[in-house]
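First the structure, in the form of structure tokens, and then the observations on it.
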Amino acid sequence: MAQFLANKRILLGMTGSVAAYKSADLVRRLREVGANVRVVMTANAKRFITPLTMQAVSGYPVHDELFDLQAEAAMGHIELARWAELILVAPASADLMARLAYGHADDLLTTLCLASKAPVVLAPAMNQAMYTHVLTQENKRRLKEHGVIVLGTGEGSQACGDVGPGRMLEPLTIIETINELFSTYELAGKKVVITAGPTHEAIDPVRYLTNGSSGKMGYALAEAAALAGAKVVLISGPVALAKPKHMEVISVTTAKEMQDTVFANLSNCDIFISVAAVSDYQAHTIANQKMPKESNAFSLTLTPTPDIVANVAALSNKPFVVGFAAETHDVIPKAKQKRERKKMDMIIANQVGEGRGMGSDENEVTIISARQETTLPLMSKHDLAKELITLIANEYKQGQKHD
Ligand code: PMT
């Protein structure tokens, strides 16, 4: 089976159960397949296995306190919640399931489960009577209803002498299941390079040519691509947005720098998405000193900047290339011409000007490729990005089939 766990950031939560001894093996095997694992232990988990063992197998200090000044200074709980791409609680006790089912955040582990956007997977482990108890089953149903993935349990003789369901699944079975979970992500295992924001082309030491791109569309796409399982490199012009987590973010200023950075990051790139509003022109010469105010009109000689997306699309081993077309009028015909001229696989046309598309929180687009012309209604850039990533992933996969 293909391996989708390499480089994945997995937060392993452990609760009080005799099955905790299996968690050490689970961490070891997760690391063998390339996953990055951080361990969080509840107070009761530490009664069954020591944090020292878990630190030794994971290679990182164990997190166990919600209000620990030192731990918060190193990697605070919110940062840890954001770091995780998956929270796996193994073993998950009846008590953990009950607390989580009702939204408690009374220790570090439950707080992280609530604070993180990552999927939460539970591998229950408990006595068979506790597992089959109507309240545990009710909590399990409630957790599933709220999107928590609750794995099954093994059957057989238990540490307490009982026989029945409630044994934690074996580490290899858990790993196979979460590997499959990651494989269903639309862009699992793919590398996506995205440009965003404007560029600044200097005229003199204090002035530059630019445009009104805020970077919101490109950043939303980068986040959606990362959520879809891609390894994302976001190459950003100057914007006032916070750097998104879970991806490499490289800041650039000019079109030339943006192009150099894109080309330096193209190896093994599967999809290139050019959202940046790259300046089409740069000053022929940049004045060394601030230019004095002229009393009359004055001229500036401009030369074209490199056309990044066209240059990427011209490569013999090019990735799947998606561009954007920002137009004030004749949006669709102009976008179609642009797609053909720049040899892009797909173009996303949006109307800009008068508070639309550029700088705003919402956008309305038409996606054009050789196979489709699809218009999506006005919606937040955040929601739009998720829909666009699905469309891009589908087209990319279709293209792969026909190559
Ligand atoms: O950043 P926001 O405020 O969220 O706004 C989003 C947006 C309106 C900037 C975005 O949705 C968008 O339309 N981006 C492309 C803007 C643009 O430059 O369009 P264009 O039609 O001039 O360029 C066509 C394509 O060529 C684009 O993919 C562009 O990235 C690329 N290009 C352009 C010039 C150049 N020198 N190099 C390029 O790669």
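The values are calculated or read from the model by the stated rules, or taken from the named source; none is laboratory data. Being a predicted model, the structure only gives us computed values, none of them experimental. When we count neighbours, we look across all protein chains shown, and the Cβ atoms used for this are built from the backbone with ideal geometry, even at glycine.
Are any residues in the range 166-199 within 16 Å of the ligand (Cβ to nearest atom), more than 14 Å from LEU221 (Cα to Cα) and either at pLDDT below 95 or outside any loop (DSSP other than H, G, I, E, B) (or both), and if so, which ones?
Quick first cut of the range 166-199, residues within 16 Å of the ligand (Cβ to nearest atom) only: 192-199.
Next, from what is left, pick out any that are more than 14 Å from LEU221 (Cα to Cα): 198-199.
Passing the criteria: only PRO198.
Which of the residues belonging to the range 57-87 are farther than 21 Å from ARG9 by Cα and part of a loop (DSSP other than H, G, I, E, B)? Quick ask: steps written out before the conclusion?
Quick first cut of the range 57-87, residues farther than 21 Å from ARG9 by Cα only: 67-70.
Result: PHE67, ASP68.
Tell me, which residue of the range 318-359 that is surrounded by 14 or more Cβ atoms within 10 Å (Cβ to Cβ) and β-branched (Val, Ile, Thr) is farthest from the ligand (Cβ to nearest atom)?
Looking at the filtered set, the residue picked out is ILE332.
Does the range 224-253 hold any residues that are within 13 Å of the ligand (Cβ to nearest atom) and surrounded by 21 or more Cβ atoms within 10 Å (Cβ to Cβ), and which are they?
First, pick out the residues of the range 224-253 that are within 13 Å of the ligand (Cβ to nearest atom): 234-241, 252.
Those that are within 13 Å of the ligand (Cβ to nearest atom) and surrounded by 21 or more Cβ atoms within 10 Å (Cβ to Cβ): LEU234, ILE235, SER236, GLY237, VAL252.
Would you tally the residues in the range 33-56 being in contact with a helix residue (DSSP H, G or I) (Cβ under 8 Å, 6 or more places away or on another chain), of a type in the set (A, V, I, L, M) and within 14 Å of GLY13 (Cα to Cα)?
So the answer is 7.
Filter the range 201-214 down to the residues that are farther than 17 Å from GLU327 by Cα and under 32 Å from the mean Cα position of the chain (by Cα), then identify the one that is farthest from the ligand (Cβ to nearest atom). Quick ask: steps written out before the conclusion?
Initially, the range 201-214 is screened for residues farther than 17 Å from GLU327 by Cα, giving 201-209.
In the following step, the residues that additionally are under 32 Å from the mean Cα position of the chain (by Cα) were identified as 201, 209.
Details: GLU201: 10, LEU209: 12 Å.
Here the residue is LEU209.
Which of the residues that make up the range 229-240 are over 12 Å from ASP270 (Cβ atoms) and among the hydrophobic types (A, V, I, L, M, F, W, C)?
Matches in the range 229-240: LEU234, ILE235, VAL239, ALA240.
If a residue must be modelled with pLDDT under 95 and either touching a Cys at 6+ places or on another chain (Cβ under 6 Å) or not aliphatic (A, V, I, L, M) (or both), how many such residues does the range 133-151 contain?
4
Please give the number of the condition THR366 fails out of (1) modelled with pLDDT under 95; (2) touching a strand residue (DSSP E or B) at 6+ places or on another chain (Cβ under 9 Å).
Failing condition for THR366: (1).
Given the criteria crowded, with 19+ Cβ neighbours inside 10 Å and of a type in the set (S, T, N, Q), does ASN394 qualify? Can you show your working first?
Details: crowded, with 19+ Cβ neighbours inside 10 Å: no; of a type in the set (S, T, N, Q): yes.
The answer is no for ASN394.
For the condition crowded, with 18+ Cβ neighbours inside 10 Å, over 29 Å from VAL121 (Cα atoms) and acidic (Asp, Glu), what is the one hit in GLU186, GLU201? Explain how you work it out, then say what you get.
Numbers: GLU186 fails: over 29 Å from VAL121 (Cα atoms).
Selected residue: GLU201, the only one of GLU186, GLU201 that is crowded, with 18+ Cβ neighbours inside 10 Å, over 29 Å from VAL121 (Cα atoms) and acidic (Asp, Glu).
When the residues of the range 264-300 are narrowed to those that are surrounded by fewer than 16 Cβ atoms within 10 Å (Cβ to Cβ) and within 13 Å of the ligand (Cβ to nearest atom), which ends up farthest from GLU327 (Cα to Cα)?
Going residue by residue through the range 264-300, those that are surrounded by fewer than 16 Cβ atoms within 10 Å (Cβ to Cβ) are 264, 267-268, 280-281, 284-300.
From what is left, the residues that are within 13 Å of the ligand (Cβ to nearest atom) are 280-281.
Numbers: ASP280: 14, TYR281: 17 Å.
In this case the residue turns out to be TYR281.
For (1) in a helix (DSSP H, G or I); (2) of a type outside the set (Ser, Thr, Tyr); (3) at pLDDT 95 or above, each residue gets a yes or a no:
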site	(1), (2), (3)
VAL89	no, yes, yes
MET97	yes, yes, yes
LYS117	no, yes, no
TYR131	yes, no, yes
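Consider VAL18 carefully, then state whether it is touching a Leu at 6+ places or on another chain (Cβ under 9 Å), under 28 Å from GLU155 (Cα atoms) and either among the β-branched types (Val, Ile, Thr) or at pLDDT 95 or above (or both). It would help to see each step written out before you state the result.
Details: touching a Leu at 6+ places or on another chain (Cβ under 9 Å): no; under 28 Å from GLU155 (Cα atoms): yes; either among the β-branched types (Val, Ile, Thr) or at pLDDT 95 or above (or both): yes.
It is false that VAL18 is touching a Leu at 6+ places or on another chain (Cβ under 9 Å), under 28 Å from GLU155 (Cα atoms) and either among the β-branched types (Val, Ile, Thr) or at pLDDT 95 or above (or both).
Conditions tested, residue by residue: (1) surrounded by 14 or more Cβ atoms within 10 Å (Cβ to Cβ); (2) more than 18 Å from VAL150 (Cα to Cα); (3) among the basic types (Lys, Arg).
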{"position": "ARG31", "(1), (2), (3)": "yes, yes, yes"}
{"position": "SER58", "(1), (2), (3)": "yes, yes, no"}
{"position": "LEU96", "(1), (2), (3)": "yes, no, no"}
{"position": "ARG99", "(1), (2), (3)": "yes, no, yes"}
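Where residues in the range 301-317 are within 16 Å of ASP270 (Cα to Cα) and either without any contact (Cβ under 8 Å) to a residue 24 or more places away in the chain or near the ligand (Cβ under 6 Å from one of its atoms) (or both), which of them is farthest from the chain's Cα centre (by Cα)?
If we take residues in the range 301-317 being within 16 Å of ASP270 (Cα to Cα) and either without any contact (Cβ under 8 Å) to a residue 24 or more places away in the chain or near the ligand (Cβ under 6 Å from one of its atoms) (or both), then SER316 is farthest from the chain's Cα centre (by Cα).
Hey, does the range 129-139 have a residue that's under 30 Å from ARG9 (Cβ atoms) and in contact (Cβ under 8 Å) with a residue 60 or more places away in the chain?
Step one: filter the range 129-139 for residues under 30 Å from ARG9 (Cβ atoms), giving 131, 136, 139.
Remaining after also requiring in contact (Cβ under 8 Å) with a residue 60 or more places away in the chain: none.
Within the range 129-139 (the criterion being under 30 Å from ARG9 (Cβ atoms) and in contact (Cβ under 8 Å) with a residue 60 or more places away in the chain), the answer is no, since none of the residues qualifies.
If ARG371 satisfies all but one of (1) away from the ligand (no atom under 12 Å from the Cβ); (2) closer than 18 Å to ILE194 by Cβ; (3) not aromatic (Phe, Trp, Tyr), what's the number of the condition it fails?
(2)
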